[in-house]
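The values are calculated or read from the model by the stated rules, or taken from the named source; none is laboratory data. Computed from a predicted structure; not experimentally measured. Neighbour counts are summed over all protein chains in view; Cβ atoms, including those assigned to glycine, are modelled from backbone coordinates with ideal geometry. Please note that ligands, DNA and RNA were not included when accessible areas were found on the heavy atoms of the full protein model with its side chains. Shrake-Rupley method; radii C 1.70, N 1.55, O 1.52, S 1.80 Å.
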Amino acid sequence: MTSAELRKAFLDFYVKQNHTAVHSSPVVPANDPTLLFTNAGMVQFKETFLGQESRDYVRATTVQRCIRAGGKHNDLENVGYTARHHTFFEMLGNFSFGDYFKHQAITFAWDFLTKELKLPAEKLWVTVFDEDTETADIWLKEMKISPERFSRCGAKDNFWSMGDTGPCGPCTEIFYDHGADIAGGPPGSPDEDGDRYIEIWNLVFMQFDRAADGTLTPLPKPSVDTGMGLERLAAVMQGVHNNYDIDLFKALVSKAAQLTAQIDLSNSSLRVISDHIRSCAFIVADGVMPSNEGRGYVLRRIIRRAIRHGYKLGQSQPFFYKIVGTLVEQMGEAYPELKAQQANVERVLKLEEERFAETLENGMKLLDEVMSNLQGTVIAGDVAFKLYDTFGFPLDLTADVARENGLTVDNDGFASAMDAQRERARSASSFGSGVAQRVDFEGHTQFLGYDRDEADSTILAIFVDGKSVASAAEGTHAIVILDRTPFYAESGGQTGDSGSLTEGMNSFHVNDTQKQGTLFLHQGVVTAGTISVTQAIHAKINLEDRRACEGNHSATHLLHAALRKVLGTHVQQKGSLVKADRLRFDFVQFEPISATQLREVEQMVNQKIMHNAPVEMTEMDIESAKAKGAMALFGEKYGKVVRVVQMGEFSVELCGGTHVNSVGDIGPFRITAENGIASGVRRIEAVTGEAAWAAIYAEDAALAQVAEVVKSDKQQVVAKITQVMNDYRALEKELKQLQSKLAASQGDDLATQAVKVGEVNVLAATMQGADTNVLRETLDKLKDKLAPAVIVLAAVEGDKVTLVAGVSKAVIGQYKAGELVNHVAMQVGGKGGGRPDMAQAGGNDPSKLDAALASVVAWAQSK
Ligand code: SER
């Protein structure tokens, strides 16, 4: 039966039983923020189950398009690795809204499978919720199914919920046995995750509404919700084991193969692509666009994953969108809404492909490099984060590549890198670090600091711990307000001045200056004598810091202008910090900046500094400033009169800060760091003057040191290191060869340690210094040599135990490698599993290894 015939047979069967056939709802659930995507047939009936909506029928049947890629039911990670998982699939379902219940639902399902489709009962297997004796009785006593093909399972498998909240209830599931030549055990057994027994139908007895706090409220009427995967049923009916071999997928896989020039149609990347085109096309058709959050991000993740699999097949040009036409040919009739949206879907997918193409290749280069230099098996969280942040790699995409290479990703490390970035973005979005201490005072301070570094002024007020005081004695921390001041108060990214207020023997040290409206707050501590309100004092800023600050501030303007010249006028200031020792500049930029571009920016700034244009500061009205082409900051509020800072023809900006007299005063300019701090925002850190020299000297010294370590000089160091690395790789290769030779010879010795259990050779041994590859190689050899054999090999590195187990073909029925490896792994603090003939595991307690290996003979005897 074709898939189309199956859809029809199912609907016809239930319509005959007085069900109303209802069309599939979109994959985006209507008005349901609790759910990312429609993940089951019951979703469109959620409110009917809850008794909040009534329909003019009490029985319904549907073929529902579903997405399981995110949220409670998520199969994205499994696609490409099993025969039966999809991000998009069609669910055949029948529903009773307070009409029939368990008995009838079971009878219908059993009749459809065994009478309508004529599937032999001996190929089916049934599970029930272990607390649901009523359902167990129906199956065993009334339906008289064999107790040998029946199991009771816990809530994890046999209690179904739509999401964290909503309708739910116990369920009973029907599995199909694809036969002994496929690995996997029956439901409820340790090997149940294999592909032999495949769940085809889930009958849910909807009885409760789950609240956010977990409480279950009984539904107004017990109901039925069943769901059967069309693709899985089609596989059964078409006599294939793998869903990707059914009619619906054939054309998609062929098209993907044609576009990526592949011959082997069973290539798992082709399957991933064929799966993903279905979900992506339907998600877009149902109105979602790729974006960085919510449904849009799930869509983006699936598209990018598909593109990466294309890349793996050597595809660097957009290809994914070209499969949409084939999909429409396959499914357009059943889903006219897809057909109607074809052009739009193609456009959206193509755009996303073009977008990702820009960073995919560089990201893959980085990832390949990291993987080939990796110690251990875990890719660091900050690498995954860099891939995410700079190259647009969703975390699951990186994890997918890792998994292909037998590696994992440090998810916690990724999460903390993400948190740290959010923190940086938060601090970048607000200018400066202003200590938000407010004082209660009416008045005004005149600012003299644009052209004076010191001045005589009068104390207007003193605040200690937020309270106004008449005077403050030595040791007191206070805020001092003057009638006029040369101190610059923090604003526009430039930090506030430090300095001193003195009168005779009395003095106040200013740590920082902040602004409150038109008041300047000098924050600091009385260092000698007493200061009092109305006292005349001499105010003097810390000149060295101020000059350094001015150099950095003027350099920031040059940097801003240079970035716009080199990268484009989309560059806009997002945040800025100007301190005496360094500057930091955050700006809009979507792509990473290349080393060449960065160098060009740095050179341009230095060139402008050498040309030594004067810095001119003029006050004018905002209109004239704009006419002059002054760069204003988006989102900043400006008064009527603004200050324009101009450096030759190169830079014109609105700015209230203080600057050098001519740009030559800045001295050398050096970029020390460049990275992304938020999506579309990058940060440059730089130093000027003395600090720039210090940075250059430090780099120079590091290079000299490297040269010394590799016994070369600065000029020859690159050639020398290249040579060292080549030698290193050659040695590494040689070492590998030696290791595997050694392993082979150890293998011969090990063979003599095998013990007979009946006819079978049982061997459990440790191999010194072997890695996973060597273990596997030796295992294969020993399996041949000792057959029939049951073998576990172990290796220890630090406190890490690696285990491989193998069982030769003839005795697979009796011994399972997965079970064996798990038996040993559990004793050394690990867990594992795998195929019946070959399995792998790890552990972290080598001290228990000898005993664990010694227990293998007894284990074999017990079988
Ligand atoms: N809602 C249940 C499931 O998705 C039955 O349709 O498995």
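If you count only protein heavy atoms and use a 1.4 Å probe, how large is the accessible surface of His444, to the nearest 10 Å²?
It works out to around 110 Å².
Determine the distance separating the Cα centre of the range 789-842 from the Cα centre of the range 529-555; give it in Å without decimals.
Each part reduced to its Cα centre gives a spacing of 73 Å.
Straight-line reach from Lys312: which lysines fall under 22 Å, measuring Cα to Cα and dropping same-chain residues less than 8 apart?
Lys250, Lys255, Lys322, Lys350, Lys365, Lys386
Over the range 776-846, with a single point scatterer placed on each C-alpha, what log10 of the ratio I(q)/I(0) does the Debye formula yield at q = 0.21 1/Å?
-0.77
Counting only protein heavy atoms and a 1.4 Å probe, tell me what percentage of the range 481-571's accessible area is made up of carbon and sulfur.
Carbon and sulfur atoms account for 51 percent of the accessible area of the range 481-571.
Please give the net charge around Pro170, taking every other residue with its beta carbon less than 10 angstrom from that of Pro170, where Lys and Arg add +1 and Asp and Glu add -1.
So the surrounding residues net to -3.
Between Glu685 and Thr752, what length in nm is gained on full extension when 0.36 nm per residue of separation is reduced by their alpha carbon distance?
17.6 nm
Quick check: with the 1.4 Å probe, what order do Asp451, Asp137 take by accessible area, largest first?
My answer, sorted largest first, is Asp451, Asp137.
Ignoring ligands, DNA and RNA, what percent of the 1.4 Å accessible area of the range 298-429 is carbon and sulfur?
Summing carbon and sulfur atoms, their accessible area is 46 percent of the total for the range 298-429.
Could you put Val480, Val724 in order of accessible surface area, largest first, with the 1.4 Å probe and the full protein assembly present?
Most to least solvent-accessible, the answer reads Val724, Val480.
What is the sum of charges around Arg547, taking Lys and Arg as +1, Asp and Glu as -1, for the other residues whose C-beta is under 10 Å from the C-beta of Arg547?
-4
If R₀ is 35 angstrom, what is the calculated FRET efficiency for the pair Gln768 and Lys711, using the beta carbon separation as r and rounding to 0.05?
0.55
Give me the 1.4 Å probe accessible area per residue for the chain, excluding ligands and nucleic acids, in Å².
On a per-residue basis, 46 Å².
Hey, with R₀ at 45 Å, roughly what FRET efficiency would Asp451 and Val588 work out to, going by the Cβ-Cβ distance, to 0.05?
0.85
Taking K and R as +1 and D and E as -1, what net charge do the other residues with C-beta under 10 Å from the C-beta of Gly184 add up to?
Charge balance near Gly184 sits at -3.
Determine how large the accessible area of Ser847 is when every protein chain is in place; take a 1.4 Å probe and give Å² rounded to the nearest 10.
Here the accessible area works out near 100 Å².
Along each principal axis of its Cα atoms, how long is the chain end to end? Whole angstroms, biggest number first, please.
Projected onto the principal axes, the Cα atoms of the chain cover 105, 77, 55 Å.
Pull out the extension gain between Asp213 and Gln104, defined as 0.36 nm times the separation in residues minus the alpha carbon to alpha carbon distance; nm, one decimal.
Fully extending the segment from Asp213 to Gln104 adds 36.0 nm.
Relative contact order of the chain: what whole-number percent is it, with Cα pairs under 8 angstrom and at least 6 residues apart?
Computed value for the chain: 6 percent relative contact order.
Note down the nm distance, to one decimal, between modelled labels 7 Å out along Cα→Cβ at Lys626 and at His23.
Taking the simple label geometry, Lys626 and His23 are separated by 5.1 nm.
Just to check, using Stokes-Einstein with a Kirkwood Rh over alpha carbon pairs, what's the diffusion coefficient of the range 738-788 at 20 °C and 1.002 mPa s in µm²/s?
193
Using alpha carbon centroids, what distance separates the range 119-145 and the range 587-628, in Å?
Result: 77 Å between the Cα centres.
Could you report the accessible area of Ser96 in Å², rounded to 10, computed with a 1.4 Å probe on the protein chains as they sit in the structure?
Accessible area of Ser96: about 0 Å².
Might you report the magnitude of the Cβ-based charge dipole of the range 170-328 about its Cα centre, with Lys and Arg at +1 and Asp and Glu at -1, to the nearest 20 debye?
Rounded to the nearest 20 debye, it is 980 debye.
Shape verdict for the range 614-699, please, from the Cα gyration tensor: rounded (a/c under 1.5), prolate (a/b greater than b/c) or oblate.
oblate
Provide the FRET efficiency to the nearest 0.05 for the Glu116-Asn362 pair, computing r from the beta carbons and using R0 = 35 Å.
Computed FRET efficiency for Glu116 and Asn362 comes out at 0.05.
Counting every Cα pair in the range 441-592, what percent are over 22 Å apart?
The proportion of pairs with Cα distances above 22 Å equals 45 percent.
Of Tyr311, Tyr335, which has the most accessible area with a 1.4 Å probe, and how do the rest follow in descending order?
Tyr311, Tyr335
Could you give the dipole magnitude of the chain about its Cα centre, charging the beta-carbon of Lys and Arg +1 and that of Asp and Glu -1, in debye to the nearest 20?
So the magnitude is around 1540 debye.
Quick one: Cα centre-to-centre distance for the range 258-299 and the range 369-421, in angstrom?
Between the Cα centre of the range 258-299 and that of the range 369-421, the gap is 22 Å.
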